[in-house]
Amino acid sequence: MNCIILISSPGAGKGTVSQYIKDNYNIDHISTGNLLRKKSETSKEIKDVLDKGLFVDDNTLINVLEERLKKQKNDFILDGTPRKLSQFSLLEDLFKKYNINIKRVIFIDINFMIALKRIMKRKVCENCNIVYNTNINRCPKCNNILVRRSDDKVFLYIKRYLLFKKTIRKIIYHYKDKLSVIYNNKDLNYLYKEIDSLIKGDD
Ligand SMILES: [Zn+2]
């Protein structure tokens, strides 16, 4: 079974890329962020950590991921892990146990100013809690008037971006032999073409 590890700078469009791969190729999507959020419904320990905006410890993360991988039969994209150096060996042991091969590591990057401009243009429906990137003024679902993201969201984004850039170097270096970089600085068509040439180039 093959795995593509997806790493993305904050705001570089990880959600868009994983959705596109899922829709167009026979590859599942496993997000450890989503797994943890789901798990937090039944685990108070995990809920407390997530509510504080912190990361769970490595063992908890790997256990939650293993629970999911036990059921996995198809090739898949993994997003959200590894995030720290301490997770490399745990992840490698886990993959060995389930006979999973890391086929490729895709790093989606974006120019900081382009990302910031996109974030500032985003509008949100406070009723449905959905974020929109388009120029519409009302929520297509509930017709509520959309509002711009607040300044603290923008500030939080800048903080996240800088922290990410500090930690990502070592992760990328670790996977340098399998690494491909996609820059999401242009439009969606360009992004999709890049993904296609990457994934088709695999076969
Ligand atoms: Zn709405």
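The values are calculated or read from the model by the stated rules, or taken from the named source; none is laboratory data. Keep in mind it's a predicted model, so treat the numbers as computed, not measured. No Cβ is skipped: glycine too gets one built from the backbone with ideal geometry, and neighbour counts run over all protein chains shown.
Taking the listed residues PHE55, PHE107, the one that is more than 12 Å from CYS3 (Cα to Cα), part of a loop (DSSP other than H, G, I, E, B) and of a type in the set (Phe, Trp, Tyr) is PHE55, with no other qualifying. As a summary of the residue check, GLY53 satisfies the conditions (1) surrounded by fewer than 16 Cβ atoms within 10 Å (Cβ to Cβ); (2) without any contact (Cβ under 8 Å) to a residue 12 or more places away in the chain; (3) on the phi < 0 side of the Ramachandran plot; (4) not basic (Lys, Arg) except for the one numbered (3). Among residues of the stretch 17-33 that are assigned to a strand (DSSP E or B), those with a beta-carbon under 8 Å from a residue that is aromatic (Phe, Trp, Tyr) at least six positions away or on a different chain give the pairs ASP28/PHE76; HIS29/PHE76; ILE30/PHE76. Scanning the stretch 10-46 for residues that are more than 23 Å from GLN72 (Cβ to Cβ), surrounded by fewer than 16 Cβ atoms within 10 Å (Cβ to Cβ) and touching a helix residue (DSSP H, G or I) at 6+ places or on another chain (Cβ under 9 Å) yields one hit, GLU45. Mind checking whether some residue in the stretch 79-92 is over 23 Å from LEU198 (Cα atoms), in contact with a helix residue (DSSP H, G or I) (Cβ under 9 Å, 6 or more places away or on another chain), loosely packed, with under 13 Cβ neighbours inside 10 Å and of a type outside the set (Asp, Glu)? Among the residues of the stretch 79-92, at least one is over 23 Å from LEU198 (Cα atoms), in contact with a helix residue (DSSP H, G or I) (Cβ under 9 Å, 6 or more places away or on another chain), loosely packed, with under 13 Cβ neighbours inside 10 Å and of a type outside the set (Asp, Glu), which makes the answer yes. Within the stretch 110-125, being among the hydrophobic types (A, V, I, L, M, F, W, C), away from the ligand (no atom under 16 Å from the Cβ) and not in a helix (DSSP H, G or I) holds for one residue alone: ILE110.
Yes/no per residue for (1) within 27 Å of ILE77 (Cβ to Cβ); (2) modelled with pLDDT under 85; (3) under 19 Å from the mean Cα position of the chain (by Cα):
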{"position": "ASN99", "(1), (2), (3)": "yes, no, no"}
{"position": "ILE106", "(1), (2), (3)": "yes, no, yes"}
{"position": "GLU126", "(1), (2), (3)": "no, no, no"}
{"position": "ASN133", "(1), (2), (3)": "yes, yes, yes"}
{"position": "ASN144", "(1), (2), (3)": "no, no, no"}
{"position": "LEU156", "(1), (2), (3)": "yes, yes, yes"}
{"position": "LYS170", "(1), (2), (3)": "yes, no, yes"}
{"position": "LEU179", "(1), (2), (3)": "yes, no, yes"}
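A residue that is farther than 30 Å from ASN127 by Cα and in a helix (DSSP H, G or I) cannot be found anywhere in the stretch 180-187.
Only residues that are within 13 Å of LYS153 (Cβ to Cβ) and either near the ligand (Cβ under 8 Å from one of its atoms) or polar (S, T, N, Q) (or both) were counted across the stretch 127-138, and they come to 1. Please go through the stretch 185-201 and pick out each residue that is under 17 Å from ASN24 (Cβ atoms) and surrounded by 14 or more Cβ atoms within 10 Å (Cβ to Cβ). Of everything in the stretch 185-201, those that are under 17 Å from ASN24 (Cβ atoms) and surrounded by 14 or more Cβ atoms within 10 Å (Cβ to Cβ) turn out to be LEU191, TYR192, GLU194, ILE195, ASP196, LEU198, ILE199.
Within the stretch 126-144, the set of residues being over 23 Å from ARG160 (Cα atoms) and outside any loop (DSSP other than H, G, I, E, B) comprises ARG138 only.
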